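Chemist: Below is one structure. I have some questions about it.
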Amino acid sequence: YAKPKKGAHVHEITISEINEIGEIVLTDKKVLVSETYLAKSNVPLVKEGDLLLSIKGTLGKVGMVSEKLKNTIPGTSFCILRPYESTLIKSDYLFLYLRSFIGQKMIQISSQGGIIPFISINDLKNLAIPIPTKDEEKEGIMLRERSKELNKKIKNMKKELDDYTNGGWMKIEQGDKENSS
């Protein structure tokens, strides 16, 4: 596949763009693809609420597209999971299940390959996923929201720690100058 000299830029989601709580909020990688390739390919653009599951290499990493990402495609190791509106299992619950210890174990058991593990689309379609009760679904949503809150607090605390660490030597130096005057 030769690199095109002109075409359209699309963003490509990579494994590293799944944050600590499994959200995908931005993409740094841009790829230039020919207009012909884009028109003929069946690579879908991601939508808000989509789940991306790594099915090759870093097997089982799950991310949820948590905001609208313009002209963005999944990386080559990803499969998009997009439950139908009418399905019994909603994206939030599926996301929590696939990230759980049990969900990850099910993915690992269904994997193939030695050096580079992968899960086939057929095996993925046949994964046993328990259907949640309404209460379990509500609890799952609450857990996800609490995870977001905790992650935000951790980021704020890390920023505060970085500010103290990075600015601490200046305060010491300023204090020395004041004491010597």
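The values are calculated or read from the model by the stated rules, or taken from the named source; none is laboratory data. Predicted, not measured: the structure shown is a model, and the values here were computed from it. Heads up, the Cβs are rebuilt from the backbone with ideal geometry, glycines too, and the neighbour counts pull from every protein chain shown. Side chains included, ligands, DNA and RNA excluded: accessible areas come from the protein's heavy atoms. Shrake-Rupley method; radii C 1.70, N 1.55, O 1.52, S 1.80 Å.
Chemist: Name the residue that is least open to solvent (accessible area, probe 1.4 Å), counting only residues in the stretch 1-29 that are in contact (Cβ under 8 Å) with a residue 24 or more places away in the chain and assigned to a helix (DSSP H, G or I).
Modeler: Looking at residues that are in contact (Cβ under 8 Å) with a residue 24 or more places away in the chain and assigned to a helix (DSSP H, G or I), I get Glu17.
Chemist: Looking at Lys148 and the list (1) open to solvent by less than 100 Å² (accessible area, probe 1.4 Å); (2) basic (Lys, Arg); (3) modelled with pLDDT of 85 or more; (4) more than 22 Å from Ser16 (Cβ to Cβ), which single condition is not satisfied?
Modeler: Going through the list (1) open to solvent by less than 100 Å² (accessible area, probe 1.4 Å); (2) basic (Lys, Arg); (3) modelled with pLDDT of 85 or more; (4) more than 22 Å from Ser16 (Cβ to Cβ), Lys148 breaks only (4).
Chemist: Does Lys155 satisfy the condition of being modelled with pLDDT of 90 or more, part of a helix (DSSP H, G or I) and either in contact with an Asp or Glu (Cβ under 9 Å, 6 or more places away or on another chain) or surrounded by 10 or more Cβ atoms within 10 Å (Cβ to Cβ) (or both)?
Modeler: Here the answer is yes, as Lys155 does meet what is asked.
Chemist: Still on this structure: Output the residues belonging to the stretch 125-149 that are in a helix (DSSP H, G or I), without any contact (Cβ under 8 Å) to a residue 40 or more places away in the chain and of a type outside the set (Lys, Arg).
Modeler: Within the stretch 125-149, Asp135, Glu139, Met142, Glu145, Glu149 meet the criteria.
Chemist: For the stretch 30-59, name all the residues that are open to solvent by 60 Å² or more (accessible area, probe 1.4 Å), in contact (Cβ under 8 Å) with a residue 40 or more places away in the chain and part of a loop (DSSP other than H, G, I, E, B).
Modeler: Selection gives Thr58 alone.
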